Every structure is written in structure tokens, then in C-alpha cells.
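S.K.: Here's a structure for you.
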Amino acid sequence: MFPTYARMPLLPFVRATKFVALVPAVFLMPITTAAAPAAHSRPTMEQIGRLERLLVLPEGATGPLQRYNRYYAGTIQNGRRLISGELDYEIHNRRTTIKLVPQRLFPGRNLFDAGCDVIWVTFDPQANVFTDVTCQPEMKLPLPGSGH
């Protein structure tokens, strides 16, 4: 009338199910709880000073470096410690600042069409070279009547 598995005692099945359910959880625990090392490092003010002495602003920069608020964060890419920076032009002639913040807190990350009012830099302090100095791209809108 009932299949064989329906007449099996329930208790051994439950125990086996609990064991099977725990085995994957035990093996997954180290994976989910042991996070990978953070891919950032904290740059020193000496490294920031060297970066700023060596920095040549890109063509189109809105002003000299001292007119930009500067935000820096340490990052690790391919095993190398780098310094990422965002330079934001101070349009209100207020005193500018230098801040060490996590890269996710760079204020211009959500700005669009800022041009050289926002400049991104990446500096390798071990080699004393820049791997990137870029103005934020400007949106190119078609001119009225251009047909594009």
C-alpha cells in the first residue's frame, strides 16, 4: 500500500538529515567568516607629500593643486601598495584640506560631467610613479541642430 520509504522509521532519517545539513554548514563557516584581507592600506603623510611634489596636473586643470581639496586612500592592487586620490576643485575660495579617507568615501564618486574640477590620481610610492592622473570625463552632448 505505502512505498517502503514511507514505512521507514522517522528518527534515523531525521538524524541523517541533520548531520548532512550540518556538514555543509561546518565546511562553509571558514569560507564565510574568514574574510579576505582588506585591499587597502593607510598612506603616510610623507608619502602624500611626495605624491603632491611629483604630481603634474593634467592639461585642463581648473587651478593649481592648492585650490583642490585632496582625498587620499591606500589601496593594494596586484600585491602593490598604491595611493588613490581624488582632487576636488574648491569653487568657493575656502581653505582647502587634505584628508585620508576610505576610497568609497571620495565625494566626487557620484558626480558626472565635472571635467578637471575632479581629478583622479593613482600613485605607486615605492616606485615614485603615477599610474593614473585623469580628469573626470565630461559628457559630450550633441550640439542643437547637429543631427547627432
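The values are calculated or read from the model by the stated rules, or taken from the named source; none is laboratory data. Just so you know, these numbers come straight off a predicted model, no measurement behind them. Keep in mind that these areas ignore ligands, DNA and RNA; they rest on the heavy atoms of the full protein, side chains included. Shrake-Rupley method; radii C 1.70, N 1.55, O 1.52, S 1.80 Å.
S.K.: Residues with amide H under 5 Å of residue 82's amide H, sequence separation 5 or more or different chain, H placed in the peptide plane at 1.01 Å from N; which?
M.R.: Placed amide hydrogens put 75, 76, 77 under 5 Å from residue 82.
S.K.: To the nearest 10 square angstrom, how much accessible area does residue 76 have with a 1.4 angstrom probe?
M.R.: Roughly 60 Å² of residue 76 is accessible to a 1.4 Å probe.
S.K.: Further question on the same structure: Please list, ordered by chain and number, the residues whose modelled amide H lies under 5 Å from the amide H of residue 131; skip anything fewer than 5 residues away on the same chain.
M.R.: When sequence neighbours closer than 5 places are left aside, the close amide H contacts are 122, 123, 124.
S.K.: Let me ask something additional. As a test question: what accessible area, to the nearest 10 Å², does residue 97 have when a 1.4 Å probe is rolled over all protein chains in place?
M.R.: Roll a 1.4 Å probe over it and residue 97 shows about 50 Å².
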